[in-house]
1. Checking the table LYS58/LYS177; LYS99/LYS182; LYS36/LYS177; LYS36/LYS192; LYS151/LYS195 against a 30 Å threshold on Cα-Cα, which pairs fail?
2. Running a GNM on the chain with Cα contacts under 10 Å, which residue among PHE111, PHE180, PHE200 ends up with the highest mean-square fluctuation?
3. Just to make sure I understand: if all protein chains stay in place, what is the order of CYS84, CYS204 by accessible area at 1.4 Å, largest first?
4. Counting Lys and Arg as +1 and Asp and Glu as -1, what is the net charge of the other residues whose Cβ lies under 15 Å from the Cβ of THR190?
5. Looking at the chain, send over the antiparallel percent of its DSSP beta bridges, to the nearest 5.
6. Can you give the FRET efficiency for ARG158 and ALA209, using 1/(1 + (r/R0)^6), R0 = 22 Å, r = Cβ-Cβ distance, to the nearest 0.05?
7. First obtain the Kirkwood hydrodynamic radius of region 153-214 from its Cα pairs, then insert it into the Stokes-Einstein equation at 10 °C and 1.306 mPa s, and state the resulting D in µm² per second as a whole number.
8. Rounded to two decimal places and with Rh computed the Kirkwood way over Cα pairs, what is Rg over Rh for the chain?
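The values are calculated or read from the model by the stated rules, or taken from the named source; none is laboratory data. Treat the numbers as computed from the prediction; the structure is a model and nothing was measured. Reconstructed Cβ throughout: ideal geometry from the backbone, glycine too, with neighbour counts over all protein chains shown. Heavy atoms of the whole protein, side chains included, go into the accessibility calculation; ligands, DNA and RNA do not. Shrake-Rupley method; radii C 1.70, N 1.55, O 1.52, S 1.80 Å.
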Amino acid sequence: MRRRIICFIFTLLCLSSWGRSGYFYTPSPQQLTSSKIQDVLQDSRGFLWISTEFGLNKFDGYNFTYFFNETDNEQSLRFNSTTCLFNDREGRLWVGTVKGLDRYDAETNSFIHYTALCKDQPRINCLYQLRDGRVLVGTAGYGLFVVDEEKKQLKPLRGMTVHDEDGYFVKLLEDRKGNFWKLGHASTFTMKKGKDIKVFHSPCGIPVALAEVD
């Protein structure tokens, strides 16, 4: 069966559900820190993680545990407004925030910070792991980065899309043939095949997701 890439172009507000009122509130062990949900993920140990605009939440099936930035704790969450979550193939949990990237260390129940090599720490929009193991970090206006695990840095990665689309990264995908697909903040999306990059234009609005199907 022929393999295809489907680009969903319907305007969806995925994982942005508004439980209760949309306002921040003081949480109890049975509540989220905010009803403004950004992303949801189940980690390799079965815990459910929920990123919100005010704090990171971990659910064990009965109660929530909360993670916030603590000014006197360098191993706390980098920033309270979290944007996206990702499990890599090693089972490690990555947390994108509006001001940079963290990785959760389950052994110490703390966070490891990864610093972008630019003036300001960027808002993280999406995370993706290539088949070669590299973790890519798509940002809002700062371009695409690759994780340098040894130096705990985010290094710029160029040439994955056309110049006009090299700032905003919303969704990433590497298909079975090794082609690299990228969605940005407009109706244009691109596919990199080898050294060639093809530009597509959606006639029905801004694409919001990528998926490969048989």
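1. LYS58/LYS177; LYS36/LYS177; LYS36/LYS192
2. Maximum fluctuation in the GNM of the chain, among the listed residues, is at PHE200.
3. From most exposed to least exposed: CYS204, CYS84.
4. Local charge sum for THR190: +1.
5. 95
6. Taking R0 as 22 Å, the efficiency between ARG158 and ALA209 is 0.35.
7. Estimated diffusion coefficient is 130 µm²/s.
8. Here the Rg-to-Rh quotient is 0.97.
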